[in-house]
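Structure record follows, encoded as structure tokens.
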Amino acid sequence: MAPPSPDQIVYVPYSSELQLPGIMTLIEKDLSEPYSIYTYRYFINNWPNLCFMALDKTSSESDVCVGVIICKLDRHRDAYRGYIAMLAVKKEYRKMKIGTSLVKMAINAMKSLNADEIVLETERTNVGALSLYQNLGFLRDKRLYRYYLNGVDAFRLKLFCRGGGNEAGAGSKAASKELEDKMYEHNRMSDEQETNYKEEQQD
Amino acid sequence: MTFDDDNKCDRELNEVKTSLSILSLSTTTTASSSPLPQPPTTSSSLSSLVRSVVDFVDDSGIKGSKPEEKKDVIRATFDERMREDGIQYIGPPFKDITKFLDEVTEEFELGQLVHLESFGLYDAMSSIEIMDPKMDSGMVFESDINKKAFDPFVLLTPKAVLGVMDRIFICEMTWHSGHSLSQTLYTCLYLDLLDNITLDAFASSDKNEDSIPAELVAIVLKAYILGTVKCCHLVWEEMYKGHVYEEEDFATNRYGKPLCEDKSVSEVINLIDMAKQWLDDVGKTWLQDYEQSCDADQSSADVIVQALNLRLSLRKSFLIALNNISQPRCSQYASAAKHLQRALVCLNGSNDGTGIRETIEIGIDVESVFDPMINRKLVSQTPPRPIKLLSIEESLNDLDNLLKEVISICGVIEYKSASSLQNYFAYFAARRPAPCAFSRSLLQSTLCTDDRVLGFMSMHQLVKESVLELNNPPYPYFTSKTELITSGIGSGSRGGFGSSTGGNNSDNTNIPHLLRVFVGNASKAEHIDSELHTITKEEPMNTKDGPSFSFYLSTWVYHQKLVMLEETLFLGFELELYGPHEYMMIYWYLDYILGVHNRHLERMAVYIAGKAAKNKKDNRKSRRRQSRPTPAPPIVSQLINKQLLLTAKQEICRGVYRMIVALRKSNDWVSPNLEYDNENIRFWNRTKMLRNLGSPTALTYADFKETTRFPDVSSRELLSAALHNFETCRSAIERLNSLKPTETHMELCGPEFKEDMQNMLRVCIGNSISIQKMLHPGISSSKREAKASSIQDQNSSTITKKDMAIEFKYHPWYAYINVK
Ligand SMILES: CC(C)(COP(=O)(O)OP(=O)(O)OC[C@H]1O[C@@H](n2cnc3c(N)ncnc32)[C@H](O)[C@@H]1OP(=O)(O)O)[C@@H](O)C(=O)NCCC(=O)NCCS
């Protein structure tokens, strides 16, 4: 079989329960333990608009789904938080930017719904996923100690969609920082002074 | 994907609720760590009841894809199980509604699901699919039914006994590493039968054809297992206090089973002694004959006896030590340390003796003694997930670390000062490999149990000493009148000491929380300070800015707060949280915080020295003594030493960020193009915690841009400045290294501190060499020495990014920019 080419791939939003078995098969391939079907339903039934699939037009009906992303978006403390629950791309189709495209679709969808931030967790050892997300601007927000059952640490990655903005009066603070720097240089006890103290202390 | 962890405390609860919430069947199935033993029969039948009910609904209430391959599975129906268990359930009788459910669900659309409104993510994730062997712990397999029941009265050869011992040991350490008892220790089938395993019982079971002595199991193995269970019990009691935060760190669920509470430690130790005695008196001789009859070489009997003895000795020492440690008020830590040392010798051997490590090949596996699926018989709502036990080597190494950590903790009671205790805590958390859950919990308990710090002083007293060490307030500050006021600070300031132990360093979630507590303290402290000014009738010092009061407490709180802030920011490097494109910003911010801290101590030193000088003058006036220079109080030189360390840290941070700025200026440092990244937003969010603290004044993104532009400074000048920073850092460290541990408050962690300083030096040297290479490209290192002082050719600095690597190989906090 010839290696798949990018123009074979179409991206579609989730539309029917009939797509679920294909999605599950795809995701389960990379899991050490299966999720119950309720876990999939929890996300997909509640946020069907945040589930996107990559399909190979040339494939047969049963394995047409070659990539999927599943998310949710709800309130978390004082933020409206998007959460990428699952992402997978079929082995033979990796390294073709399918993963990146799916994540971008999800980010754009969540941003258009006013998400403040988007988070996800991934294993420290998952080099592929880590660099995919970091290339898009996700930051490592937290290290989760032995997060997974296999004892591996995980990172919580976060993309901030909000913050910063116009900071009034910043200039004056910059000046104050410089001032503080100067003061610091000035105030720093000279070596001489210090030795004095030492000697004094000894006698 | 797994749980979104922010509701972790709810998780346990949710696991208990599990899929049962669909049924609102709120029976007595609280699986979570009940300290009370439950009769095993009840628990197992209850769990199978629960499973049956879940079966019932899951199969019929939902339409969708179902797992196949159910043929090799035999299902007990609901009714059968009830009858089997022979239990009378109170309440209305159950009614089989399978058929009814089948009928009504005919009307469902594909994918429709009936559930309570409250059925959320946790419920969904902890639900199981009935009859899926990977999830359903209630399934009964063909192989289970034909399995022979475990016979505890099978005689075991000495090698088999060793095999069982080692496997139990592996189970114990795997439990320590965070897995549940049900998948580790409990898999040993002897566990429930220990009381029945007696010599008499063996005699009546009459199986002794090989003339293997029953004592090997009934005395030797039994004593070892009891010793292990007792150790686990003592560890469990420590862990049950709940000092270790994340639930993943340690599993305290006992599934209602006893852990040998009915036997005292001394009873168990007697049994171990008896076993050793038997081995020496009888076992050895028998074994020599036996081994000979097996054509083994002469020495093998001795080796086996020694291997058995070593394991029993280790168990004994470990048990005594754990028992010592569990005594109130840290009263037996010294003895514990002695026994732990002995355990270490058993483990690793000594110059003149073998250790367990060298005997791990002798044992042989006895699979029939362990049932990895035992947890199906226990009350548990979570589906079992297969685990991998540690290897014997990993287990030995884990125990080795544990013993060393606990020995080190036992040494803390040699209390020297509040500061040295605090330093000990910081270096303990930085240990690699990360300290295990048990020792972290133990350190917490040692720090404070029943408001006793190290068993002998109150938290208030510790805070008092800490304040005294920092800025030596006048005596009335801590008399009974003010006690009430200051103890308010004490109760909230445990954080300063405990911040690093709640988690190990790989857990930085805790500090920001403590910081918030501290912010509350800061305003409280200021308030108390002003009250104290009145009480102590303090005279203000006259400074150029007018009269100034001392604010002893708020000064202390601010100092502690800055310590925590620095630690939090530095930890981000250690935990690999920052991307390379963020380094400059973080080091820039650290430079600022460290500078603030340094000045804070500076002001304090000046104030205290001034006060001391004034007192002296007053004294002199009255006594007219000779005019020698005024000695500074020791407290001032302590402050200076603290400043020295801050200077060292600040200079490295400044050096590194200047290096990065220089590299950016010369286009050697290219920031990656990250599609959704926005530096302003990033700055704002990364510094959120700092902004919410009130003080020190938070810096803004505009500040950052402004102060890192250096419009009039060339890349080379920046590099030279950085070089200077690293040099200053080096001389600060050299001075620190020349101080005695008592002067730096590092009495409890001297070697760790030395190593830390050494590593910082390495970073300085590495970076300095890199800078030299950039300033003088093309000059080989020997020539560079000579030319180092003459920087002439302005345009030669050309390196590209691929020649550079940012490394943390010397120190986890400070970047080494390696220019190749
Ligand atoms: C992670 C995963 C979804 C990536 O899918 P993908 O379609 O191959 O990703 P992309 O082609 O979009 O890769 C984007 C970038 O990620 C990085 N990357 C992806 N896979 C990588 C790998 N195996 N090693 C190193 N980097 C990798 C690369 O930097 C790549 O950029 P580049 O092509 O310019 O070098 C896929 O590997 C996968 O399904 N893994 C198993 C499931 C999983 O781990 N999911 C994530 C859990 S949250």
task = Could you grab me the full set of residues in region A:1-39 that are of a type in the set (A, V, I, L, M, F, W, C) and either within 11 Å of another protein chain (Cβ to nearest Cβ) or within 19 Å of A:TYR83 (Cα to Cα) (or both)?
result = A:LEU18, A:LEU20, A:ILE23, A:MET24, A:ILE27, A:LEU31, A:ILE37
ask   = Counting only residues that are over 10 Å from the mean Cα position of the chain (by Cα) and within 11 Å of chain B (Cβ to nearest Cβ), which one in region A:111-124 is nearest to B:TYR676 (Cα to Cα)?
value = A:LYS111
query = Say we look at region A:91-110 and pick out the residues that are open to solvent by less than 20 Å² (accessible area, probe 1.4 Å) and β-branched (Val, Ile, Thr); which of these is farthest from the ligand (Cβ to nearest atom)?
reply = A:ILE107
message = Just to be sure I understand the filter: pairs with C-beta atoms under 8 Å, separated by 6 or more residues or on different chains, first member in region B:172-191 and within 14 Å of chain A (Cβ to nearest Cβ), second member charged (D, E, K, R) and open to solvent by 20 Å² or more (accessible area, probe 1.4 Å). Which pairs pass?
response = B:MET173/B:GLU394; B:MET173/B:ASP398; B:HIS176/B:ASP398; B:SER177/B:ASP398; B:GLY178/A:ARG146; B:GLY178/B:GLU248
request  = Could you grab me the full set of residues in region A:40-60 that are within 14 Å of another protein chain (Cβ to nearest Cβ), open to solvent by less than 10 Å² (accessible area, probe 1.4 Å) and not charged (D, E, K, R)?
outcome  = A:TYR40, A:PHE43, A:ILE44, A:LEU50, A:CYS51
request  = Would you mind telling me which numbered condition in (1) open to solvent by less than 50 Å² (accessible area, probe 1.4 Å); (2) away from the ligand (no atom under 12 Å from the Cβ) A:LEU113 fails?
outcome  = (1)
query = Mind checking whether some residue in region B:185-207 is closer than 27 Å to B:GLN288 by Cα, of a type in the set (Asp, Glu) and out of contact with any Lys or Arg (no Cβ under 9 Å at 6 or more places or on another chain)?
reply = yes
task = Sort out for me the helices (runs of 4 or more DSSP H) sitting completely within region B:103-209 that have 1 or more residues that are at pLDDT 90 or above.
result = B:158-176, B:199-205
task = Could you tell me which of the residues B:GLN638, B:GLN650, B:GLN643 is among the polar types (S, T, N, Q), at pLDDT 90 or above, open to solvent by 10 Å² or more (accessible area, probe 1.4 Å) and under 35 Å from the mean Cα position of the chain (by Cα)?
result = B:GLN643
task = Of the conditions (1) among the acidic types (Asp, Glu); (2) at pLDDT 90 or above; (3) not in a loop (DSSP other than H, G, I, E, B), B:GLU248 clears all except one; give me its number.
result = (2)
remark   = When A:TYR145 is run through (1) under 29 Å from B:ALA434 (Cβ atoms); (2) within 15 Å of the ligand (Cβ to nearest atom), the failure sits at (2)
request  = May I ask you to say which residue of B:ALA605, B:ALA613 is more than 23 Å from B:SER419 (Cα to Cα) and without any contact (Cβ under 8 Å) to a residue 60 or more places away in the chain?
outcome  = B:ALA613
request  = Mind telling me which of the residues A:VAL127, A:VAL66 ends up being of a type in the set (Val, Ile, Thr), within 12 Å of the ligand (Cβ to nearest atom), more than 12 Å from chain B (Cβ to nearest Cβ) and more than 15 Å from the chain's Cα centre (by Cα)?
outcome  = A:VAL66
key: Residue in region A:27-39 that is within 16 Å of the ligand (Cβ to nearest atom), open to solvent by less than 60 Å² (accessible area, probe 1.4 Å) and in contact with a Phe, Trp or Tyr (Cβ under 9 Å, 6 or more places away or on another chain) present   = yes
All positions within region A:96-128 that are basic (Lys, Arg) and modelled with pLDDT under 95 = A:ARG124
query = Picking from B:ASN680, B:ASN685, which residue would you name as being open to solvent by less than 70 Å² (accessible area, probe 1.4 Å), out of contact with any helix residue (DSSP H, G or I) (no Cβ under 8 Å at 6 or more places or on another chain) and in a helix (DSSP H, G or I)?
reply = B:ASN685
task = Assess whether B:ARG342 counts as being basic (Lys, Arg) and open to solvent by less than 30 Å² (accessible area, probe 1.4 Å).
result = no
ask   = What about A:LEU18, is it without any contact (Cβ under 8 Å) to a residue 40 or more places away in the chain, within 16 Å of the ligand (Cβ to nearest atom) and either open to solvent by 60 Å² or more (accessible area, probe 1.4 Å) or assigned to a loop (DSSP other than H, G, I, E, B) (or both)?
value = no
key: strands (runs of 3 or more DSSP E) (entirely within region A:83-167) containing at least 1 residues that are in contact with a strand residue (DSSP E or B) (Cβ under 8 Å, 6 or more places away or on another chain) and farther than 19 Å from B:GLY572 by Cα   = A:117-123
note = Scanning region B:690-716 for residues that are among the β-branched types (Val, Ile, Thr) and facing another protein chain (nearest Cβ under 9 Å) gives B:THR697, B:THR700, B:THR707
Pairs, first more than 14 Å from chain B (Cβ to nearest Cβ) and more than 19 Å from A:ILE118 (Cβ to Cβ) in region A:86-102, second assigned to a helix (DSSP H, G or I) and more than 7 Å from the ligand (Cβ to nearest atom), C-beta under 7 Å, six or more apart = A:LYS90/A:LEU26; A:MET96/A:PRO6
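The values are calculated or read from the model by the stated rules, or taken from the named source; none is laboratory data. Nothing here was measured: the structure is a model prediction, and the numbers come from that model. With ideal geometry, Cβ positions are generated from the backbone for all residues, glycine too; neighbour counts draw on all protein chains shown. These area figures cover heavy atoms from the full protein model, side chains too; ligands, DNA and RNA do not enter into them. Shrake-Rupley method; radii C 1.70, N 1.55, O 1.52, S 1.80 Å.
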